[in-house]
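Data block below; observations after.
The values are calculated or read from the model by the stated rules, or taken from the named source; none is laboratory data. Note that the coordinates shown come from a computational prediction; the quantities given were computed from them, not determined experimentally. A quick note on method: Cβ atoms are made from the backbone with ideal geometry, for glycine too, and the neighbour counts reach across all protein chains shown. All accessible areas refer to the heavy atoms of the entire protein, side chains included, with ligands and DNA or RNA removed. Shrake-Rupley method; radii C 1.70, N 1.55, O 1.52, S 1.80 Å.
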Amino acid sequence: MSTSSLYLEKLFGLNGKVAVIIGGAGELGGALAAGIGQAGAHLIIADMSESACQSRLEKLNTLGVSAEYLIVDITNRESIKSLLAGALKKTGQVNMLVNCAGINVGTPFLEVDPATWDKIFAVNLKGMMESCQVFIESMLKNENGGSILNIGSVNSDRPLSLVFAYAASKAGVVSLTQNIAQEFACKKIRCNAICPGFFPAEQNRKILSEERVANIMKGTPMKRYGSPDELVGAALLLLSQNAGSYMTGAAVYVDGGFTCSWF
Ligand SMILES: NC(=O)c1ccc[n+]([C@@H]2O[C@H](COP(=O)([O-])OP(=O)(O)OC[C@H]3O[C@@H](n4cnc5c(N)ncnc54)[C@H](O)[C@@H]3O)[C@@H](O)[C@H]2O)c1
C-alpha cells in the first residue's frame with residue numbers, strides 16, 4: 001500500500017467495525033451503506049421492508065461489501081431490541097449506528113392531521129430516540145464505545161413549505177443529537193448528524209411539484225439536486241474513530257449551499 005493509501009485507511013478506514021444502518025434499504029441509507037461498507041465495515045441493513053432489504057443486499061454484493069439484513073420497525077421498541085439482539089448474535093459487537101429511517105407527508109398547515117403528525121414523529125424522532133437508547137446501552141459495553149449518525153434535513157435549520165410535522169421532527173433530530181453528544185462525550189460515544197439538502201427519493205418525490213422544484217433550485221446555490229453518494233464523505237468523517245475523533249454533536253449540512261443561500 002502507498003503512503004497515501006495507508007494514511008487515508010488510518011484516518012477513515014472502518015475495517016473490523018460493524019455498522020447497523022436503520023433505513024438502509026432506502027435511497028440515502030443505501031448510498032450510505034455502500035460507502036460505509038466499501039470503507040471496510042460489516043453492515044447490518046435494517047429496514048421494514050424485506051423485499052427492499054433483499055434488493056439492497058444484491059446491490060451491495062455487487063460492490064463486494066460484507067452485508068446482511070434484519071427487519072425492524074423503528075416505531076416499536078421491542079423490534080429495535082430484537083434488531084440489536086440479532087446484530088449482536090451475528091457479529092458480537094455493534095460499533096456504529098446510522099439512523100436513516102424517515103417518512104414525510106406534505107400538507108398546508110390547516111390540513112395537518114394530528115394522527116399523521118404523530119406517525120411522522122413516531123418514525124423520524126421518537127423511533128430515532130429509542131434506537132439511540134437501545135444501541136447506546138450496548139455500545140457502552142464496547143472497549144471503544146461507538147459512533148452514531150442521525151439523518152436530519154435542511155429542515156432541521158429552517159422551514160420549507162408544506163412539511164410541518166417533518167420539519168419539526170427534523171429540528172428535533174439535531175437537538176436529540178446534541179443532547180446525546182453532550183451526555184455521552186466522556187463515555188466514548190459520539191453522536192453527530194448529517195442534514196441533507198434535496199435528493200429526490202421515494203419519500204419526497206410525491207411533493208416535488210413544478211413550483212416546489214423551481215423554489216428548491218432558486219434556493220440552492222449549486223443549482224442542482226444532490227446525488228446520494230455525495231453524503232458518503234461526511235458520513236465517513238463523522239463515523240470514523242480517527243478522522244472524526246473530536247467531533248460530536250455536529251450537524252453537517254450537505255445541501256449544495258441551501259442553508260447559506262440568501263433566497
Ligand atoms: N431524500 C432527500 O432529499 C432527503 C433530504 C433530507 C433528509 N432526508 C432524510 O434521509 C432519510 C432517508 O430518506 P430517503 O430519501 O432515502 O427515503 P427512502 O424512503 O428511500 O428511505 C427511507 C427508509 O426508511 C424506511 N422506514 C420507514 N419507516 C420505517 C420504520 N418504521 N422502521 C424502519 N424503517 C423504516 C423505509 O422502508 C425506507 O427504506 C430520511 O430520514 C429522510 O427524512 C432525505
*Hey, does the range 230-253 have a residue that's modelled with pLDDT of 95 or more, polar (S, T, N, Q) and within 18 Å of GLY23 (Cβ to Cβ)?*
no
_Members of the range 67-97 that are away from the ligand (no atom under 14 Å from the Cβ), surrounded by 13 or more Cβ atoms within 10 Å (Cβ to Cβ), not β-branched (Val, Ile, Thr) and not in a helix (DSSP H, G or I)_ = ALA67, GLU68, GLN93, ASN95, MET96
*asked:* When you scan the range 16-36, do you find a residue that is within 16 Å of the ligand (Cβ to nearest atom) and free of Cβ contacts under 8 Å to residues at least 12 places away in the same chain, even just one?
replied: no
*asked:* Whether any residue in the range 43-61 is of a type in the set (A, V, I, L, M, F, W, C), closer than 24 Å to ALA165 by Cβ and within 13 Å of the chain's Cα centre (by Cα) is what I want to check.
replied: yes
*Among (1) surrounded by 22 or more Cβ atoms within 10 Å (Cβ to Cβ); (2) not in a strand (DSSP E or B), which single condition is GLY40 missing?*
(1)
*Return the residue satisfying two criteria in turn: it lies in the range 242-263 and is hydrophobic (A, V, I, L, M, F, W, C), assigned to a loop (DSSP other than H, G, I, E, B) and in contact with a strand residue (DSSP E or B) (Cβ under 8 Å, 6 or more places away or on another chain), and of such residues it is most open to solvent (accessible area, probe 1.4 Å).*
MET247
*Does the range 224-241 contain at least one residue that is part of a helix (DSSP H, G or I), over 23 Å from LEU11 (Cβ atoms), open to solvent by 60 Å² or more (accessible area, probe 1.4 Å) and of a type in the set (D, E, K, R)?*
no
*Consider only pairs whose beta carbons are under 9 Å apart and that are at least six residues apart or on different chains; among these, list those whose first residue lies in the range 60-77 and is of a type in the set (Lys, Arg) and whose second residue is open to solvent by 40 Å² or more (accessible area, probe 1.4 Å).*
ARG77/GLN133
*Quick one: in the range 43-55, of everything that is of a type outside the set (S, T, N, Q) and not in a helix (DSSP H, G or I), which residue is farthest from the ligand (Cβ to nearest atom)?*
LEU43
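Residue by residue, here is whether (1) surrounded by 15 or more Cβ atoms within 10 Å (Cβ to Cβ); (2) more than 12 Å from LEU176 (Cα to Cα) holds:
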{"residue": "ASP113", "(1), (2)": "no, yes"}
{"residue": "ASP118", "(1), (2)": "no, yes"}
{"residue": "LYS126", "(1), (2)": "yes, no"}
{"residue": "MET129", "(1), (2)": "yes, no"}
{"residue": "PHE135", "(1), (2)": "yes, yes"}
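Residues checked against (1) within 15 Å of the ligand (Cβ to nearest atom); (2) over 30 Å from ILE44 (Cβ atoms); (3) surrounded by 20 or more Cβ atoms within 10 Å (Cβ to Cβ):
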site: SER156; (1), (2), (3): yes, no, yes
site: THR177; (1), (2), (3): yes, no, yes
site: ARG190; (1), (2), (3): no, no, yes
site: LYS206; (1), (2), (3): yes, no, no
site: ARG212; (1), (2), (3): yes, yes, no
*Which members of the range 98-117 meet the condition of being of a type outside the set (A, V, I, L, M, F, W, C), touching a residue at least 60 places away in the same chain (Cβ under 8 Å) and assigned to a loop (DSSP other than H, G, I, E, B)?*
GLY102, ASN104, GLY106
